[in-house]
Amino acid sequence: MADCIFCKIVAGEISAQVVYEDDQFLAFEDINGQAPTHTLVIPKRHIDRLTDLQEEDASLVGKWLLVGNQVARQTGIAASGYRLVVNCNADGGQTVFHIHLHVLGGRAMRWPPG
Ligand code: 5GP
Ligand code: ZN
């Protein structure tokens, strides 16, 4: 997707601090971390938003969550605890329209979220 910032990161056109990569997913540090550890996990295939996922994406979505767990282990926040977040559309607070899983940790999270 030409104008997508995360597709440009996948293509290596914009640099990012990569923490995990496989054939389907890329995980990199958020540029504006909201916690001591804040990683984004994206599918390499461009998908605008959570509501665009289809039945045939079920396997991808399952793996996406498992990569989130893997990233939590790799970044050392698995035992202390972490939060996985996906924002969708305006009220969900989505600002980048290439789906991404936020993996946040390294401090106690508050509830309810803002
Ligand atoms: P959203 O608000 O869509 O759920 O989250 C988008 C996230 O992408 C934000 O946390 C923002 O800081 C992060 N972000 C936006 N542009 C870039 C970028 O160019 N590089 C990286 N690493 N993160 C970005
Ligand atoms: Zn994209």
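The values are calculated or read from the model by the stated rules, or taken from the named source; none is laboratory data. Since the model is a prediction, treat every value here as computed from it, not as a measurement. For neighbour counting, all protein chains shown are included, and Cβ atoms are generated from backbone atoms with ideal geometry for every residue, glycine included. Please note that ligands, DNA and RNA were not included when accessible areas were found on the heavy atoms of the full protein model with its side chains. Shrake-Rupley method; radii C 1.70, N 1.55, O 1.52, S 1.80 Å.
Can you name the residue in the stretch 1-52 that is under 17 Å from residue 77 (Cβ atoms) and in contact with a Lys or Arg (Cβ under 7 Å, 6 or more places away or on another chain) and is also farthest from ligand 1 (Cβ to nearest atom) among such residues? Steps first, please.
Start the filter on the stretch 1-52 by keeping residues that are under 17 Å from residue 77 (Cβ atoms), which leaves 17, 19-20, 27-30, 33-41.
Narrowing the set further to residues that are in contact with a Lys or Arg (Cβ under 7 Å, 6 or more places away or on another chain) leaves 35-36.
On the way: 35: 11, 36: 14 Å.
Per the criteria, the residue is 36.
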Can you pull out the residues in the stretch 76-114 that are open to solvent by less than 50 Å² (accessible area, probe 1.4 Å), away from ligand 1 (no atom under 11 Å from the Cβ) and under 14 Å from the mean Cα position of the chain (by Cα)? 103, 105
Return the pair list, or none, for Cβ contacts closer than 7 Å from residues in the stretch 1-17 that are at pLDDT below 95 to residues that are open to solvent by 40 Å² or more (accessible area, probe 1.4 Å) and near ligand 2 (Cβ under 9 Å from one of its atoms), at least 6 apart or on different chains. 1/46
